[in-house]
Amino acid sequence: HPDLADNMWKNPGEIPNNSIDDDKYGYIDDVYGWNFAQGNNNPGDSQGHGTHVAGSIAAVGNNGVGITGVGWNTKIMALKAGTGATFNMANAITATYYAVDNGAKVSNNSYGGTKYSPAFANAIKYAKDKNHLFVAAAGNSRVNNDVSPHYPGSYTYENIIAVAATNENDGRAYFSCYGSNSVDLGAPGTTILSTYPGSTYSIMQGTSMATPHVAGAAAVLWSFAPYLDLATVKQYILESGDP
């Protein structure tokens, strides 16, 4: 996408198209990330959701094109865990380890379900130990996550920020999950204009659209103060919101 291309992360340890695992990490030619769903180095978006989320985080700013992301100099690592609208937990777990091990400071996790996974919990704990902030969607089923958890946002590790969706009036969007203990804050999640496949733009809604606003804010904060630990970044984000 012309509004994302300049902000795509490139793996500094890989030489493009030489069919060699240059960085010895187990993935051949993973220049822009990895497609865990199909086991190849093309993590291109086949559904639209990922491109839309990416634009809210880091569409290039001040370029006279389209929109501007929250953190418009942020690098985007493309990691594909499913095909179409299908979510694959095992792939998302592996992608989490990949992101952390390749230096990502923040991950945007606009997906989820009700199934608890010890393996996923371990991956998020691993991320926490590496000073990685895990920003997750609260879910769109209108339920109280304190009573009916929505994972991965409902795991209890300190590096998670679980995000509800707000509407144009700064109220909770009608579809958004909530929870005074399990959901940390809300962010804009209705009528969100962002990038879409085919070099286009589209309006979408959901806690998936709210989450990247928070991930982008964390990226901006860390870009100005790279010495901060994740606990401080999370604290600043939560304390600077409106009650």
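The values are calculated or read from the model by the stated rules, or taken from the named source; none is laboratory data. Only a predicted model underlies this, so the values are computations on that prediction, with no experimental measurement involved. With ideal geometry, Cβ positions are generated from the backbone for all residues, glycine too; neighbour counts draw on all protein chains shown. When the accessible area is computed, the model is the full protein with side chains, heavy atoms only, and any ligands, DNA or RNA have been set aside. Shrake-Rupley method; radii C 1.70, N 1.55, O 1.52, S 1.80 Å.
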In debye to the nearest 20, how big a dipole does the chain give about its Cα centre with +1 on each Lys and Arg Cβ and -1 on each Asp and Glu Cβ?
380 debye
Dipole magnitude of the stretch 87-219, debye to nearest 20 (Cβ charges: Lys/Arg +1, Asp/Glu -1, about Cα centre):
200 debye
Share antiparallel - DSSP beta bridges, the chain, percent rounded to 5
30 percent
Quick check: from the Cα gyration tensor, does the stretch 1-149 come out rounded (a/c under 1.5), prolate or oblate?
oblate
Heavy atoms of Thr83 accessible to a 1.4 Å probe, total area in Å² rounded to 10:
60 Å²
Report, in deg cm²/dmol and to the nearest 500, the calculated mean residue ellipticity at 222 nm for the chain, where each DSSP H run with n ≥ 4 adds -39500 (n - 2.57) and the sum is divided by the residue count.
-8000 deg cm²/dmol
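How high is the relative contact order of the chain, in percent, counting Cα pairs under 8 Å that sit 6 or more residues apart?
About 19 percent, as a whole number.
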How much of Lys125 can a 1.4 Å solvent probe reach, expressed as accessible area in Å² and rounded to 10?
80 Å²
To the nearest 10 square angstrom, what accessible area does Asp45 show with a 1.4 Å probe?
60 Å²
Surface share of carbon and sulfur [accessible, 1.4 angstrom probe, percent] for the chain:
51 percent
Of Trp9, Trp72, which has the most accessible area with a 1.4 Å probe, and how do the rest follow in descending order?
Trp72, Trp9
Taking only C-alpha pairs under 8 Å that are 6+ residues apart, what is the relative contact order of the stretch 41-125 in percent?
21 percent
The size of the Cβ-based charge dipole (Lys, Arg +1; Asp, Glu -1) of the stretch 1-106 about the Cα centre, to the nearest 20 debye, is 280 debye
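Could you rank Phe87, Phe134, Phe224 by how accessible they are, 1.4 Å probe, largest area first?
Phe224, Phe87, Phe134
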For the stretch 84-243, rounded, prolate or oblate, judged on the Cα gyration tensor with a ≥ b ≥ c (square roots of eigenvalues), a/c < 1.5 rounded, else prolate if a/b > b/c?
rounded
When ligands, DNA and RNA are left out and all protein chains stay put, how many square angstrom of accessible area per residue does the chain have with a 1.4 Å probe?
48 Å²
So for the stretch 136-180, averaging the separation of alpha carbon pairs under 8 Å that are six or more residues apart and normalising by length, what relative contact order in percent results?
53 percent
